[in-house]
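Shown next, in structure tokens, is the structure this report addresses.
Every read-out reported here was derived from the displayed coordinates using simple, explicitly stated rules and does not represent laboratory data. This is a predicted model, so every value here is computed, not measured. Neighbour counts are summed over all protein chains in view; Cβ atoms, including those assigned to glycine, are modelled from backbone coordinates with ideal geometry.
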Amino acid sequence: MRNLITDIAGISVGNAEDRNLASGVTAIVFDRPVTASGLSLGGAPGSRDQLLLEPGRTVAAVDAFVLAGGSAFGLDAAGGVQSGLRADGRGLPLGPARIPIVPGAILMDLLNGGDKNWGLHAPYRDLGYEAYRAAKTGPFALGTVGAGAGATTVNLKGGLGSTSSETTSGFRVGALVAVNAMGSVTIGSGPHFWAAALEDEDEFGGLGLPVSIPDDALPIAIKGGPTTATTLGVVATDATLTKQQAYRLAIMAHDGFARAIHPAHLPYDGDTVFAAATGEKPAPDDFAFAEICHEAMRTMARAIARGVYEAETLPQRGALPSWRDKFEAG
């Protein structure tokens, strides 16, 4: 166990980013089609093929998910991943054609100081293909990489985070998230994380909760002016689930957003979770599924804190400090 979503067999993750652009793409690729669903609870989401993930829709399985920066321009990234899958012979067979099913979601990082003057075509399709190819190479990095490259919170640099866990019934659950929150992942002006009570083995500093919640932690503090928000997550398990159960898994992972971000699901963010079940292990009974749902909440909250903890400050002038630069430097 590496405390990553890839602790679930059959899942690989690849990142591609451009520090000058201050943006990037993360591809979550499955070895074979998996049962999937998803849900957006933010008021301003941006996505591709998310509608087909609803429980009542016909398509039950996907080949990959894509998380990307670039706001609506980043939707091109799914095309790059789709191209890589098609070249490898993957996709839903329809007669002689194969159509890779690649839902994607985007976050807003256009105003973070990076050079977005890319000319006629945005670079996200190429970054998507690069992320797909990177998924074949093994372990992946966290922090200021992939879809987390240009991510921010209200007070600190955001980033890509991932965690995993195992239930008492032996099912594995993992989460991956690009933390670009409208609000804060830390408590007030201090270093403690809202998700601290759920932490495993000092994975984001081991500071625990503060002795008391400071006065500056409770009033709303969010990004002002033009909105630069949306946190994107993926939760997965090795259990065999129905599409309806995968949808419930996405709902529970959104509870992790609420445990780790203050506040989440605002009118001008696009907070979104995709969920997948690889089916490596049998279908859980009712209690075992409840425990999988619980771990979906917990792993997502931990991954959010870890994404901020692992981030590095961008090189652009005036960039928000990373957690480590602000709280470990002294």
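Summarised as an ellipsoid, the chain has semi-axes of 29, 24, 16 Å, derived from the eigenvalues of the Cα gyration tensor scaled by 5 and square-rooted, with the largest first. Taking a ≥ b ≥ c as the square roots of the Cα gyration tensor eigenvalues, region 17-106 comes out oblate, since a/c reaches at least 1.5 and a/b does not exceed b/c.
Estimated purely from DSSP H runs of n ≥ 4, each contributing -39500 (n - 2.57), the mean residue ellipticity at 222 nm for the chain is -6500 deg cm²/dmol once divided by its residues. Put in order of Cβ neighbour count within 10 Å, fewest first, the listed residues L156, L249, L218 become L218, L156, L249.
Taking the chain as a Gaussian network of alpha-carbon nodes connected by springs under 10 Å, the highest mean-square fluctuation of the residues P33, P93, P55 belongs to P93. The GNM of the chain, with springs linking C-alpha atoms under 10 angstrom apart, assigns the highest mean-square fluctuation among G146, G224, G119 to G119. For the chain, lysine pairs with C-alpha atoms less than 26 angstrom apart, excluding pairs fewer than eight positions apart on the same chain, total 7. Counted by neighbouring Cβ atoms within 10 Å, the residues M297, M1 run from fewest to most as M1, M297. For region 249-297, a/c is not less than 1.5, where a ≥ b ≥ c are the root eigenvalues of the C-alpha gyration tensor, and a/b tops b/c. That puts it in the prolate class. In terms of surrounding Cβ atoms within a 10 Å radius of their Cβ, D49, D200 rank from fewest to most as D200, D49. For a test of the definition: using alpha carbon positions, the gyration tensor, and the 1.5 limit on a/c, classify region 150-238 as rounded, prolate or oblate. Because a/c hits 1.5 or more and a/b fails to exceed b/c, region 150-238 counts as oblate. Extending 7 Å from the Cα toward the beta-carbon at both R86 and E328 defines two label points whose distance is 4.3 nm.
Using C-alpha pairs under 8 Å with a sequence gap of at least 6, the mean separation divided by the residue count of region 5-327 gives a relative contact order of 25 percent. Considering only G279, G233, G14, the mean-square fluctuation computed in a Gaussian network model of the chain, springs between alpha carbons under 10 angstrom, is largest for G279.
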